[in-house]
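Single-structure report; data block below.
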Amino acid sequence: MAYKITDACISCGACAEGCPVNAITEGDGKYEINADLCIDCGACADVCPVSAPEA
């Protein structure tokens, strides 16, 4: 199951930079994860300062 970014997102971009498959893009008010590209590795959650990405 792909990770999702919660409303806790502060749009800092750390998750997008940390994603090894470039599955994360800036959305409207928060970053978004493309579920088709996400490999469920958790790299985004590891670098997020507010723990916005969740499995």
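Here is how the numbers come out for the structure above:
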read-out	value
Carbon/sulfur fraction of accessible area - the chain, other protein chains in place, 1.4 Å, %	46
Probe 1.4 Å, protein heavy atoms only - accessible area per residue of the chain in square angstrom	62
Gain on full stretching of the segment that runs from residue 11 to residue 55 - 0.36 nm per residue minus C-alpha separation	14.0 nm
Cα-based Kirkwood hydrodynamic radius, the chain, one decimal, Å	10.6
Relative contact order (%) - the chain, alpha-carbon pairs under 8 angstrom, separation at least six	49
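The values are calculated or read from the model by the stated rules, or taken from the named source; none is laboratory data. All values derive from a computational prediction rather than experimental measurement. We work out accessible area using only protein heavy atoms, side chains counted, and drop any ligands, DNA or RNA first. Shrake-Rupley method; radii C 1.70, N 1.55, O 1.52, S 1.80 Å.
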